[in-house]
1. Looking at region 123-161 only, could you name the residues that are more than 10 Å from the ligand (Cβ to nearest atom) and either hydroxyl-bearing (Ser, Thr, Tyr) or in contact with a helix residue (DSSP H, G or I) (Cβ under 8 Å, 6 or more places away or on another chain) (or both)?
2. Return the residue satisfying two criteria in turn: it lies in region 97-122 and is small (Gly, Ala, Ser) and within 16 Å of the ligand (Cβ to nearest atom), and of such residues it is surrounded by the fewest Cβ atoms within 10 Å (Cβ to Cβ).
3. Go through region 1-27 residue by residue and tally those that are farther than 18 Å from residue 90 by Cβ and among the aliphatic types (A, V, I, L, M).
4. Being more than 15 Å from the ligand (Cβ to nearest atom) and in contact (Cβ under 8 Å) with a residue 40 or more places away in the chain is the filter here, so list the residues in region 162-184 that pass it.
5. Only one of 367, 336, 329, 293 is of a type in the set (D, E, K, R) and within 16 Å of the ligand (Cβ to nearest atom); which?
6. From the list 32, 2, which residue is among the charged types (D, E, K, R) and modelled with pLDDT under 95?
7. Go through region 347-364 and give me each residue that's of a type outside the set (S, T, N, Q) and within 11 Å of the ligand (Cβ to nearest atom).
8. Just to be sure, is residue 200 among the charged types (D, E, K, R), outside the structural domain of residue 96 (by TED's automatic domain parsing) and either touching a strand residue (DSSP E or B) at 6+ places or on another chain (Cβ under 7 Å) or away from the ligand (no atom under 14 Å from the Cβ) (or both)?
Amino acid sequence: MDFRLSEDQRAIQAAARELARTEFAPHAAEYDRSHTFPRRNFELLAQGGYLGMTLPSRYGGRDADYLSYTLCVEAFSQACATTGVIFEVHNSLHSEAIYNHGSEAQRERFLPPLCRGERLGAYALTEPNAGSDAAAIQTTAVRAPGGWRLTGRKVFITNGGQADEYLVYASTSPDCGSHGITCFIVAQDTPGISFGPPLEKLGIRASATTDVILEDVFVPDDRVLGEVDEGYKIALRTLHGGRIGIAAQAVGILQESLDNAARYVLNHKEGEARLADRQTVQWHLAEMVTNLEAARLLLYRASWLHAQGIRATKEISMAKLFASRVAMEGTLRGVELLGGDGYRSDGPQERLMRDAKITEIYEGTSEVQRLVVARALLGEYQDGGGIPGARAEHRARSDSTRREDSPHYGAVGPS
Ligand SMILES: Cc1cc2nc3c(=O)[nH]c(=O)nc-3n(C[C@H](O)[C@H](O)[C@H](O)COP(=O)(O)OP(=O)(O)OC[C@H]3O[C@@H](n4cnc5c(N)ncnc54)[C@H](O)[C@@H]3O)c2cc1C
């Protein structure tokens, strides 16, 4: 087993870190304070070739492997978690979904502008009564000549009001539950679509999170993504890459907290003794770095499995579950180790603590990740004749027993 990154991966990581250090980190606190959507960062991501980076170059992508993308989310989130999630939603939840499920005509039409940064993407699944139980959505799409008419309300939509294109999930066969949902590519300027004001939030404050309101919005047939009534599978499969992205965001936030804490205790004395020489301080650091490395290993393995086209539902959820938990815990340790400076809103650590919490909530809460992990695990025991830990590497995507096709996968769904 070789744990080293390839030369290409190291080069991409180094460039992403440099962009994050020189361009994103210096402005992150100000964007957060002023709740200003960091449009400039999005433009820099476009210029650097990071948008749609895992997509084939014929659509404007860069043919990068998934681990390279993960390394970028990690690096950007370390500097600015808001930029991390904007990047992640645009790439994983929007552009990749179009690549994976779109027709050739849709790929050619929608992907190049997304890769060039001319258009920003969003993912609109959640509704007031359908978050963890995403199959309960009530937004409807009714047949009309040449297309569909959408009516409903989406909530908590990242890039809301800022994005140019939204993947909107709506019920096309209301009696069929999760088997009657369709995905639509809806442009921001379509008549009948409007946006609520940006939500006031605990963290990632510069990322616009809004309601998306649809009032009799006409969407032509050529903007249906995938098959009619097959949208729920798209929503859930798309969350595979999405959850890898959120785990990477958590790892980036935790890395920055460790860096802050180590710098502080090396440079501060209590009397004559450096804080770094206190054993209890060292214990905190030891816990933080151990959790960080464990999270990173889960994350990189999940990314690798995903890149191979291997079904890794359980491994991806384990990475998100663990990385988000230790990020939250580690950012609190960071606040503690920096003492009063840790609590200052103009200090380096407080924002990280606030930003970490969302990684335990969006793209499936930690409870949902536990359900996904437990169901996948029990399925392995059942399907494997009681053999535990059936190796993920053997679960090819073509496997007809793919568990994510079940309404129980990912989001909670009805029993
Ligand atoms: C800042 C932010 C950005 C977001 N961005 C997007 C986006 O871009 N697109 C999008 O579609 N959505 C987005 N979301 C929505 C997000 O994915 C949901 O908030 C999340 O899935 C939880 O759903 P909910 O808020 O309805 O909580 P609920 O589902 O009501 O859950 C409330 C609590 O109950 C627990 N719970 C629920 N069901 C179960 C169960 N069966 N077993 C055990 N516990 C359970 C949950 O874990 C949680 O602790 C965003 C949310 C936020 C806050």
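The values are calculated or read from the model by the stated rules, or taken from the named source; none is laboratory data. Worth saying up front: this structure is predicted, and the values here are computed from it rather than measured. Reconstructed Cβ throughout: ideal geometry from the backbone, glycine too, with neighbour counts over all protein chains shown.
1. 135, 139, 140, 146, 147, 148, 151 - these are the residues of region 123-161 that are more than 10 Å from the ligand (Cβ to nearest atom) and either hydroxyl-bearing (Ser, Thr, Tyr) or in contact with a helix residue (DSSP H, G or I) (Cβ under 8 Å, 6 or more places away or on another chain) (or both).
2. So the first thing to find is which residues in region 97-122 are small (Gly, Ala, Ser), and the list is 97, 102-103, 105, 117, 121-122.
Now narrow it down to the ones that are within 16 Å of the ligand (Cβ to nearest atom): 97, 121-122.
Numbers: 97: 24, 121: 27, 122: 27.
Only one residue fits best here, namely 97.
3. Adding up the residues that qualify gives 6.
4. 172, 173, 176, 177, 179, 180, 182
5. Going through 367, 336, 329, 293 in turn, just one is of a type in the set (D, E, K, R) and within 16 Å of the ligand (Cβ to nearest atom): 367.
6. Answer to the check: 2.
7. Result: 355, 357, 358, 360, 361, 362, 363, 364.
8. In short, no.
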